[in-house]
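Participant: Sharing a structure with you now.
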Amino acid sequence: MSTSIFGGAFHQIARPQGFPTRDHFAHTTFAIPEPAPGTALVENLYLSVDPYHRGRMDGRENGFTLHAPLEGRAVGRVLASRDAGLEEGDLVFHREGWRTHALVTAGVGGARRIRTYDGVPVHAHLGILGGTGLTAYAALTRVARLQAGEDLYVSSAAGGVGTAAGRIARLLGARRIIGSAGSADKVRHLTEAAGFDAAFHYHDGPVGELLAEAAPDGIDVYVDNVGGDHLEGAIEALREHGRIAWVGAISSYHDEHPPAAPHNLFEVVHKSLRIEGVLVSNHTNLQEELEDFLVPHLRSGQFASETTFVQGFEHTVDAFLGMLRGANTGKTLVDLTGSRSSLGS
Ligand SMILES: NC(=O)c1ccc[n+]([C@@H]2O[C@H](COP(=O)([O-])OP(=O)(O)OC[C@H]3O[C@@H](n4cnc5c(N)ncnc54)[C@H](OP(=O)(O)O)[C@@H]3O)[C@@H](O)[C@H]2O)c1
């Protein structure tokens, strides 16, 4: 392999205050290395951009280092290997994203050969079969312990975790599934295509009132992707012994100070509610179970996983910023399979 071939990478070059912009990132190039002993050279095919990257941009604990390669989930193909655990041509999941090529070692930093399934696209391992689907699955089955016949509310319902939660909840036998999202088009999509029974646009009024209209008899479980007024509204709507699987708080990720607690938090006591955080990295033991559960449905065509693809490595930052703004429906992925042109030589 010639070292005159260059790959591309994005680095963070400044800390944002409030919403990030393209100016906080820079595109860099690097000579694609030969794999050193114990490593494999991977050409990335799909990159995941995720809300947690926003938190890491702040530079607090576990923050991104400036002017250095960023961390992010990716799926790629092994081009050359000196790692006994990986062979040329293998498809691998790893965390060396935000770049076109990476050196990985099986078993280090979560890098692993992925199980491929006829009829299931490889990018599913970053979406419904990846951290996104795993988050929704763990939230419903292990944290909220959703039972058949129960009613569920999901916020940011048209996004990656949200659409996965809606679909998985249906398979688990949920009765009424209610979602909220940030545009009329997304609300329509939720009820017409994504399997939700009711949905509302959270800009249309106070979230608590909109949820009370959509779920006049209350809910049993809330999967919280948003926090703030959404969490407060859900606490109001929950029935006795209801459960909240708290996945994220995207309404406050750009705030300098942590958000105030919901004013009705004491309802947790009155109604014997349970609130529990969901951290997907604590549920990686469920990966095989998730695949065994979902793959037959994916292959049957009865289960649609939703993805917004942004084409071309050079648009990685736009994909990330767009996702934060709500430009996506379903999981947001950068598709590098047609972007070999981003490589210089
Ligand atoms: N705990 C974990 O291990 C874990 C793992 C994965 C994800 N998460 C969390 O799960 C949530 C969803 O993640 P995802 O990857 O599936 O992203 P996503 O929902 O696909 O994309 C983010 C969505 O957030 C919504 N949003 C942005 N600003 C908002 C605001 N101020 N109020 C309400 N909604 C807002 C936008 O949708 P609208 O157009 O509807 O506003 C946007 O599409 C995030 O909070 C993320 O941090 C947690």
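What follows is calculated from the coordinates using simple rules that are stated; it is not laboratory data. The structure presented is a predicted model; accordingly, all values stated were derived computationally and were not measured. Reconstructed Cβ throughout: ideal geometry from the backbone, glycine too, with neighbour counts over all protein chains shown.
Participant: Of ILE177, ILE5, how do they rank once you tally other Cβ atoms within 10 Å and put the fewest first?
Facilitator: Working: ILE177 26, ILE5 12.
Ascending number of Cβ neighbours within 10 Å: ILE5, ILE177.
Participant: Okay, next question. Amide H of GLY72: which non-local residues (sequence gap of 5 or more, or other chain) have their own amide H closer than 5 Å, using H built in the peptide plane?
Facilitator: Under 5 Å from the amide H of GLY72: GLU96, GLY97.
Participant: Same structure again: Residue farthest toward the positive end of the dipole of the chain, with Cβ of Lys/Arg at +1 and Asp/Glu at -1: which of GLY130, MET57, GLY149?
Facilitator: Working it through, the farthest residue towards the positive pole turns out to be GLY130.
Participant: I've got another one for you. Projected onto the charge dipole of the chain (+1 at Lys/Arg Cβ, -1 at Asp/Glu Cβ, origin at the Cα centre), which of PHE303, PHE313, VAL207 gives the Cα projection farthest towards the positive end?
Facilitator: Selected residue: PHE313.
Participant: For the chain, find the longest principal axis of its Cα atoms and tell me its angle to the long axis of helix 228-237, 0 to 90°, nearest 10.
Facilitator: 40
Participant: Right, here's the next one. The range 70-120 to the range 266-334: how many Å between their Cα centroids?
Facilitator: Cα centroid of the range 70-120 versus Cα centroid of the range 266-334: 20 Å apart.
Participant: What percent does the relative contact order of the chain come to when contacts are Cα pairs within less than 8 Å and at least six residues apart? Intermediate results must be reported in sequence, preceding the final value.
Facilitator: On the way: 763 pairs, mean separation 61.6, N = 345.
Contact order relative to length: 18 percent.
Participant: Separate question: Once phi is turned into θ = phi - 60°, what whole-Hz ³J(HN,Hα) does the Karplus curve with 6.51, -1.76 and 1.60 give for every residue of the range 128-141, x standing for Gly and Pro?
Facilitator: With coefficients 6.51, -1.76 and 1.60, one gets 5, 9, x, x, 5, x, 5, 4, 5, 5, 5, 4, 7, 8 Hz.
Participant: Could you check the simple spin-label distance between SER183 and GLU289, using points 7 Å along Cα→Cβ, in nm with one decimal?
Facilitator: Taking the simple label geometry, SER183 and GLU289 are separated by 3.6 nm.
Participant: Just to check, using Stokes-Einstein with a Kirkwood Rh over alpha carbon pairs, what's the diffusion coefficient of the range 93-164 at 10 °C and 1.306 mPa s in µm²/s?
Facilitator: Working: Rh = 14.4 Å.
Answer, rounded: 111 µm²/s.
Participant: How long are the three semi-axes of the equivalent ellipsoid for the range 131-281, computed from the Cα gyration tensor as the root of 5 times each eigenvalue, in whole Å, largest first? Numbers along the way, then the final one.
Facilitator: On the way: eigenvalues 73, 62, 53 Å².
Equivalent ellipsoid semi-axes, largest first: 19, 18, 16 Å.
Participant: With a bin width of 10 angstrom, please list the P(r) values of the chain as percents of all Cα-Cα pairs, from the 0 bin to the one holding the largest distance.
Facilitator: Per 10 Å bin, starting at zero, the Cα-Cα P(r) for the chain comes out as 6, 25, 32, 23, 11, 3, 0 percent.
Participant: Go through the range 249-266 residue by residue and turn each phi into a ³J(HN,Hα) via Karplus (6.51, -1.76, 1.60, θ = phi - 60°); whole Hz please, and just put x for glycine and proline.
Facilitator: 9, 5, 5, 10, 5, 9, 7, 6, 10, x, x, 5, 5, x, 5, 9, 4, 5
Participant: Excluding the sites themselves, what is the longest stretch of the chain that contains no GluC sites (Glu not before Pro) in a DSSP loop with at most 15 other C-beta atoms within 10 Å?
Facilitator: Values: sites that count: GLU61, GLU87, GLU88, GLU256.
Answer - 89-255.
Participant: Among residues other than GLY149 whose Cβ falls under 14 Å from its Cβ, what is the net charge (Lys/Arg +1, Asp/Glu -1)? Each step should come with its number before you reach the end.
Facilitator: Details: positive: ARG145, ARG170, ARG175, ARG176, ARG239; negative: GLU150, ASP151, ASP197, ASP217, ASP220.
In short, 0.
Participant: Another question, then. Of all DSSP beta bridges located in the chain, what percent are antiparallel, nearest 5? Before the final figure, lay out each step's value.
Facilitator: On the way: 29 of 55 bridges.
Roughly 55 percent of the beta bridges in the chain run antiparallel, per DSSP.
Participant: Please give the charge dipole size of the range 19-118, origin at the Cα centre, charges +1 on K and R Cβ atoms and -1 on D and E Cβ atoms. Round to the nearest 20 debye. Don't skip to the end; give the middle numbers.
Facilitator: Details: 12 positive and 13 negative charges, 50 e Å.
It comes to approximately 240 debye.
Participant: Additional query: Just how large is the dipole of the chain about the Cα centre, in debye to the nearest 20, putting +1 at every Lys and Arg Cβ and -1 at every Asp and Glu Cβ? Numbers along the way, then the final one.
Facilitator: Numbers: 29 positive and 40 negative charges, 111 e Å.
Charge dipole of the chain: 540 debye, to the nearest 20.
Participant: Can you tell me the relative contact order of the range 139-279? Whole percent, Cα pairs under 8 Å, sequence separation 6 or more. Don't skip to the answer; put the middle values down first.
Facilitator: On the way: 297 pairs, mean separation 32.3, N = 141.
About 23 percent, as a whole number.
Participant: Express as a percent, rounded to the nearest 5, the fraction of DSSP beta bridges in the range 237-342 (both residues included) that run antiparallel. Please list the in-between numbers first.
Facilitator: Numbers: 0 of 9 bridges.
Taking every DSSP beta bridge within the range 237-342, about 0 percent pair in antiparallel fashion.
Participant: As a footprinting exposure proxy, order LEU129, LEU324 by other Cβ within 10 Å, with the fewest listed first. Don't jump to the answer; show the numbers that get you there.
Facilitator: Working: LEU129 27, LEU324 20.
Going from least to most buried by this count: LEU324, LEU129.
Participant: For a quick check: sort VAL207, VAL104, VAL154 by the number of other beta carbons within 10 angstrom, fewest at the front.
Facilitator: Numbers: VAL207 24, VAL104 27, VAL154 36.
Result, fewest neighbours first: VAL207, VAL104, VAL154.
Participant: Evaluate the relative contact order of the range 74-203 (contact order divided by residue number), counting alpha-carbon pairs under 8 angstrom at least 6 apart; express in whole percent. Before the final figure, lay out each step's value.
Facilitator: Details: 208 pairs, mean separation 20.0, N = 130.
Across the range 74-203, relative contact order equals 15 percent.
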